[in-house]
1. Please compute the Cα-Cα pair-distance distribution of the stretch 59-218 with 5 Å bins starting at 0, giving whole percents from short to long.
2. List the relative contact order of the stretch 238-346 as a percent without decimals, with contacts defined as Cα pairs under 8 Å and 6+ residues apart.
3. Could you give the dipole magnitude of the chain about its Cα centre, charging the beta-carbon of Lys and Arg +1 and that of Asp and Glu -1, in debye to the nearest 20?
4. Relative to the first principal axis of the alpha-carbon coordinates of the chain, what is the inclination of helix 179-190, with its axis defined by its Cα atoms, in degrees from 0 to 90 and to the nearest 10?
5. From zero up to wherever the largest Cα-Cα distance of the stretch 31-76 sits, split into 5 Å bins and tell me the percent of pairs in each.
6. Among DSSP beta bridges lying fully in the chain, give the percent that are antiparallel, nearest 5.
7. Let me know the volume per residue of the alpha-carbon convex hull for the chain, in Å³.
8. Roughly how many debye, to the nearest 20, is the charge dipole of the stretch 304-430 about its Cα centre, given +1 on each Lys and Arg Cβ, -1 on each Asp and Glu Cβ, and no other charges?
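The values are calculated or read from the model by the stated rules, or taken from the named source; none is laboratory data. Everything numeric in this text was worked out from a predicted model, so none of it was measured. Cβ atoms come from the backbone with ideal geometry, glycine included; neighbour counts cover every protein chain shown. Quick note on the areas: whole protein, heavy atoms, side chains included, nothing else; ligands and nucleic acids left out. Shrake-Rupley method; radii C 1.70, N 1.55, O 1.52, S 1.80 Å.
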Amino acid sequence: MSNTAAETTEVVVIGGGQAGIAMSEHLSDRGVAHIVLEKDRVAEAWRSRRWDSLVANGPAWHDRFPTQEFAHTDPDGFATKEEVADYFETLVEAKGLPVRTGVSATSVTENEGSRGFRVTTDAGVIDADYVVAATGPFQTPRIPDIIPAEAGLTQIHSNSYKHPEQLDDGGVLVVGAGSSGVQIAAEIQRSGRPVHLAVGPHDRPPRAYRNRDFCWWLGVLGKWDLVTPPAGAEHVTIAVSGAQGGHTVDFRDLADSGITLLGRANAYSEGKLLIGADLQKNIARGDENYLSLLREADEYIERNGLDLPAEPEAHILGPDPACVSDPIRELDLAAAGIRTVIWATGFGVDYSWLDVDGVLDERGYPVQKRGVSPVPGMYFLGLPWLSRRGSSFIWGVWHDAKYLADQIGIQRMYRDYAPVDAPLAAAAVS
C-alpha cells in the first residue's frame, strides 16, 4: 500500500446504479461533499447484465425519478434497457454528480481512534465520515445445486442470457416464473425451440385494468407502501411484463403457445428432473392474487365515483391446461430434448468487502432499519423491502435515498455542534 495520504470526503457511496445515483442526487441537493464509486460504467447492470430485448416492467411515467423524465420514451411505454441506462447517464451528466467509474471498493473498515471509515479502493484510499452501501440486490447470481455439471447440460443464470441464438440447439428448461423467467421462456418459444418452464409461487397482477396500469393501481390502493411482505411471501416473485408493449402474464397463454409448465424443480436423479406437486396450487394462488386486485380496483372505482370503463372479461379465467391439471412429476431431460437450463432464480448479496462489525448478520445480509445500520455512519440502500414494497424499484429507491440523506443531515448537525462558550472553556483550561 502506498504511503500517500488518504483522500477525504464526507460521504462515500459505493455503487453507481439507480441506488447510488439517487443517493448522490439528494446529497448534492443538500451540498454534502461525497464520492460515488462504481466498478464499471454508470448503470452497468442495465447495459450488460440483462437480455437484449429487456424493457422496464413499469411505464416510463412511473419507473423514473421524480426529478427527471425519460427523454425519448412514451410516458405510457416501457423503456428499453439501453434507454434506462442512458437515462441515468444523462442525469449524472446534467447534475454533475461526482461518480467515479472503473473504481472498485475493496474494503471498508472503521477508523481507529477517530470517527468515520476508511474506504480502500483499487485506485487509492478515501476517509469518510459516512458510507452508503448502494450496490443493490442483484449482486451474486443464485443457481440451486440441483442438476450436477456432469449431467452434460449447458446451465446458465438468467443474467447471462442474451438471446435465443446464443443457446445450444434443442429444448430449453427455464426455472423460475417471475418477470425474468416468463419473458425469457416466451422469447425462446417464439424462436421455435421447445420450452419447459418450472413455476414456483408468484404474484400475478394485471398489466392494466380499466384503463390504468397496475403500477397506478398499486399506488392508489396503498400497496407500494406496504412496509412488510405478507407472511410467507417474503421471496415471492412478481410475474409481470412490459415486453411487446406490455401484457398481463397468464400461464394459460404460455401453455397455449406451446410451453410446457412444470412445478418447482426439486431434485435430479439419473437424468431425470424430480418435480414438485405444487404447480396447480401455484397457478391458483397467482390467479387469486390477480382477481383480488381486480376486486379491490372495482371497489375503489365505485367508492370514489371514477368514470373508468368496465372490464368484466378480465375476471374470466380459462380452464387449466393439461400440463397443469395432469402435471409432470418426473421429466427425463434427454428424452424431452432439453440441452440448456436457464436458472431465473434470483440473486444473493455480496458484502465481502465490508469489514465493519455488527452491520451484517450470519447470512451476510445487512442489519438495518430503513437502511440505517446499528453502526453510526453506515447505511444501506437499494435492497428489497428496505422501507416498503417499492424500495427496489427506480422510483422507490429515490424516496429511500431521500430518507437516508435526511438521516445523514441529522448526524452532521450533531457532529458539527459546539457550545457557544466552548472556546472560552478551552482557553481557561490552558
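1. Taking all Cα pairs of the stretch 59-218, the binned fractions are 1, 6, 10, 12, 13, 14, 13, 12, 10, 5, 2, 1, 0 percent.
2. This gives 33 percent for the stretch 238-346.
3. 260 debye
4. 40 degrees
5. 5, 15, 17, 21, 22, 12, 7, 2
6. 40 percent
7. 181 Å³
8. Rounded to the nearest 20 debye, it is 440 debye.
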